[in-house]
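Heads up: the structure comes next, in structure tokens.
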Amino acid sequence: MKTYVNHRIKVFLPFFVKTFLLLTFVAFISCESEELVNSTESDLEEDVFQKATPVAGKTYYLRNKKSGLHMDVANKSNNNGANVQQWGNASGTHRQWQIISVGSGYYRLKGIDSGKSLTVKDGSNSNGANIESRAYNGSSHQEWQIISVGSGYYRLKSRDSGKSIGVAGGSTSNGANVESRSWNGNDKFRWFFTEVGGTPPPPPPTGGTAASIIGSGWKLNGFSGNLNVGSNDNGLNYADNASTNESHFFFENNGYATFRCYPGNPTSGGSSNPRSELRELVNGGSNYWDGTTNTEHSMKWRFKIEDLPPSGKLCFGQIHERNDSYDDVIRVQVQGNSGQNSGSVDLRILGYVTEEIEGSGRTIDFNMNMDTEYYFELTMRNSVVRLYELNNSGSRVRTLFTSVNIGDADENYFKAGAYLQSTSSSHSSSNVYGQVAIKNLSVN
């Protein structure tokens, strides 16, 4: 109906009549629904005749257009002055913001977890001023205009300085700082509002890239060169931080990022098993997190096991430790038959948590099938590792594995993909590969 009225105005009415009707319609919408149509003149018509996403009184996740990461209170802190950064996916109350009208077309964004509001630190009007979480006191540096910039994205313009909230340096890394800076149209200033409890955004379209499905915060361990199965190392070189362009080992397929690996592919010097897998980038680099503290580290991922290598053994998720005495803290893998691509398989837990502590790997009582999507979460806290099955909304419904206290494993990172197990020289010329499809991969 809105689009119909808009077309009639454009075609049949003189300019001054169109202007009068347009402004009248804006006032009507503002009074009735408090939809946020505060815009520059060039955006006004788009905001009126296309339903705006942000609505006063509702709560949202804010996703940055450039990075795909969400506005987040660092360390889930509820303290005054807690830093605001970008991190992860749409999960957790420390990433939820309620829009509250303060009048005159301005709004404050209140953190659901802390009750505190987005604030320019010290009320600074300088470029690069930090954004923090602080108790609302009516200051203009805590009040924002929400302006449509097209395609469903919005910018947050400070009432005090006129500057906008963006990601420092346009970084696409977890933990990158959020700051106030002069608007220049860059994607680092554009935010998408996803209503908490509302309809989730659509899945990535087919024809996208595996890298866009996975998002930032990972590096790909894979290969370079041209695949030639049966040649020396299949014609490839092992590549730490490989290209994420679609290829024979990392590609998009039906909305999943797909990992493929042949047993004859080369591997890193510290392993005998080849892999096409992602390594978590901790704080934007090849760093580590401490699994011995009370802070829970978590990886969630949806996956399908599509093909098994000649050994019938394939790891699709793990926690790795820098210290060789731990190495693979845990490997979550399946075991079936050579080249299997349908039917049931065993879910197995291997690595330090079972092979070293229990003396052998452990089979989990779980009805698992090939080419079937599952949603898992792998966690570590206080030196205890756990694996959960999740429901479709990402909530834990079953604990699949809990380790004993494994000791001083304090330099860890997550990995996910297709990591072949029990390969041997007899498989080096095989054209039977292992393949895993993954989406909705996130760490917290």
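The values are calculated or read from the model by the stated rules, or taken from the named source; none is laboratory data. Note that the structure is predicted; figures quoted are calculated from it, not measured. Neighbour counts are summed over all protein chains in view; Cβ atoms, including those assigned to glycine, are modelled from backbone coordinates with ideal geometry.
Taken as a whole, segment 272-291 holds at least one residue that is more than 23 Å from the chain's Cα centre (by Cα), assigned by TED's automatic domain parsing to the domain that holds Q340, crowded, with 23+ Cβ neighbours inside 10 Å and touching a residue at least 12 places away in the same chain (Cβ under 8 Å). Within segment 149-170, being in a loop (DSSP other than H, G, I, E, B) and farther than 14 Å from W191 by Cα holds for R159, D160, S161, G162, K163.
Of all residues in segment 378-390, those being closer than 21 Å to Q335 by Cβ and touching a residue at least 60 places away in the same chain (Cβ under 8 Å) number 2.
For segment 322-370, please list each of the strands (runs of 3 or more DSSP E) lying entirely inside it that holds at least 1 residues being within 30 Å of the chain's Cα centre (by Cα) and over 23 Å from I438 (Cβ atoms). Talk me through it step by step, then tell me what you get.
Numbers: elements: 328-335, 344-350, 362-369.
By residue number, 362-369.
Only residues that are touching a residue at least 40 places away in the same chain (Cβ under 8 Å), within 33 Å of the chain's Cα centre (by Cα) and on the phi > 0 side of the Ramachandran plot were counted in segment 219-233, giving 0. Residues considered: R302, R260. Of these, the only one that is surrounded by 23 or more Cβ atoms within 10 Å (Cβ to Cβ), assigned by TED's automatic domain parsing to the domain that holds R381 and of a type outside the set (F, W, Y) is R260.
Tally up the residues in segment 422-444 that are assigned to a loop (DSSP other than H, G, I, E, B), closer than 15 Å to R275 by Cβ and not small (G, A, S), please. Give the steps one after another, and end with the answer.
Pass one, segment 422-444, residues assigned to a loop (DSSP other than H, G, I, E, B): 422-424, 428-433, 444.
If we keep only those that are closer than 15 Å to R275 by Cβ as well, we get 422-423, 433.
Those still in the list that are not small (G, A, S) too: 423, 433.
Looking only at that region, the number is 2.
If you check V167, V149, V120 for being crowded, with 22+ Cβ neighbours inside 10 Å, over 22 Å from the mean Cα position of the chain (by Cα) and not small (G, A, S), only one passes: V120.
Condition (residue is of a type in the set (S, T, N, Q) and buried (at least 19 other Cβ atoms within 10 Å of the Cβ)) applied to segment 104-113: is it met by at least one residue?
At the first step, the residues of segment 104-113 found to be of a type in the set (S, T, N, Q) are 104.
In the following step, the residues that additionally are buried (at least 19 other Cβ atoms within 10 Å of the Cβ) were identified as none.
No, there is no match, as no residue in segment 104-113 is of a type in the set (S, T, N, Q) and buried (at least 19 other Cβ atoms within 10 Å of the Cβ).
Of all residues in segment 51-58, none are closer than 22 Å to S139 by Cβ, assigned by TED's automatic domain parsing to the domain that holds R134 and modelled with pLDDT of 90 or more.
Tallying residues that are not basic (K, R) and not in a loop (DSSP other than H, G, I, E, B) within segment 371-404 yields 18.
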